[in-house]
1. Within segment 1-33, can you find the residues that are outside any helix (DSSP H, G or I), at pLDDT 95 or above and surrounded by 13 or more Cβ atoms within 10 Å (Cβ to Cβ)?
2. Of all helices (runs of 4 or more DSSP H) completely enclosed by segment 81-138, which ones contain at least 3 residues that are farther than 13 Å from LEU37 by Cα and small (Gly, Ala, Ser)?
3. Could you figure out which of (1) surrounded by fewer than 17 Cβ atoms within 10 Å (Cβ to Cβ); (2) touching an Asp or Glu at 6+ places or on another chain (Cβ under 7 Å); (3) closer than 24 Å to ASP8 by Cβ isn't true of CYS113?
4. Only residues that are exposed (fewer than 11 other Cβ atoms within 10 Å of the Cβ) and closer than 12 Å to ILE40 by Cα: list them for segment 92-107, please.
5. I need a count of the residues in segment 4-24 that are under 15 Å from the mean Cα position of the chain (by Cα) and basic (Lys, Arg).
6. Among the residues that make up segment 14-23, is at least one of them basic (Lys, Arg), in contact (Cβ under 8 Å) with a residue 40 or more places away in the chain and within 14 Å of TYR69 (Cα to Cα)?
7. Between a residue in segment 43-63 that is in a helix (DSSP H, G or I) and any residue that is small (Gly, Ala, Ser), which pairs come within a Cβ distance under 7 Å, given they are 6 or more apart or on different chains?
8. Please work out if SER68 is surrounded by fewer than 17 Cβ atoms within 10 Å (Cβ to Cβ) and small (Gly, Ala, Ser).
Amino acid sequence: MGRYRKIDTRTWNDKKFNELYDYGKLVFFLLLTHPHLTPIGAMRTSLPGLASELHWPIEKFKKAFNESYLKSMVRYDESSGFIWLPNFLKYNQPESPNVVKLWEYYLDYLPECLLKNLLIGHVKSYVQTLSDSFNFFGNLAN
């Protein structure tokens, strides 16, 4: 059974997204829909690995990837192979507190790096905006 993920149709109204060239849009959708992307919008991967999935030369992929990276739509730590979509939770809100409980599980499968620490801080701040029934994520160790 496939995992369900929302793709918000407002993406097509987003100024940054619309400024991407076609290949940049394709790379962003690859990241957004990638099967290894966790429910908190991050994954362990490398640009050469992603390029090979599209059967593209790495130079072509990097050029397209850099469009969304330079617009801060994507964060990337090359040395740890960590990719994060900072606005992912804004458009993929948890359906229940049980979903938030699973987020800690997914963090264990992401490489340790500064970007992961930023993600954890971002998730903690995000959860604080939800109702009290969701807000137990604060116990997560950095």
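The values are calculated or read from the model by the stated rules, or taken from the named source; none is laboratory data. Here the structure is a predicted model, which is why all the values come from computation and not from measurement. Counting neighbours? That spans all protein chains shown, and the Cβs are built from the backbone with ideal geometry, glycine included.
1. As a first pass, look at segment 1-33 and keep what is outside any helix (DSSP H, G or I): 1-8, 14, 20-21.
Pick out the ones that are also at pLDDT 95 or above and you get 20-21.
Of everything in segment 1-33, just one residue is outside any helix (DSSP H, G or I), at pLDDT 95 or above and surrounded by 13 or more Cβ atoms within 10 Å (Cβ to Cβ), namely LEU20.
2. Numbers: elements: 88-91, 97-107, 114-128.
Correct list: empty, since no element meets the threshold.
3. All conditions pass for CYS113, except number (3).
4. In the first step, residues of segment 92-107 are kept if they are exposed (fewer than 11 other Cβ atoms within 10 Å of the Cβ); the result is 95-96, 98, 105.
Passing the criteria: only TYR105.
5. Looking only at that region, the number is 2.
6. To start, the set of residues in segment 14-23 that are basic (Lys, Arg) comprises 15-16.
Narrowing the set further to residues that are in contact (Cβ under 8 Å) with a residue 40 or more places away in the chain leaves 16.
In the following step, the residues that additionally are within 14 Å of TYR69 (Cα to Cα) were identified as 16.
The answer is yes; a qualifying residue exists.
7. Going by the 7 Å Cβ cut-off, the qualifying pairs are ILE58/ALA51; PHE61/ALA51.
8. Working: surrounded by fewer than 17 Cβ atoms within 10 Å (Cβ to Cβ): no; small (Gly, Ala, Ser): yes.
No.
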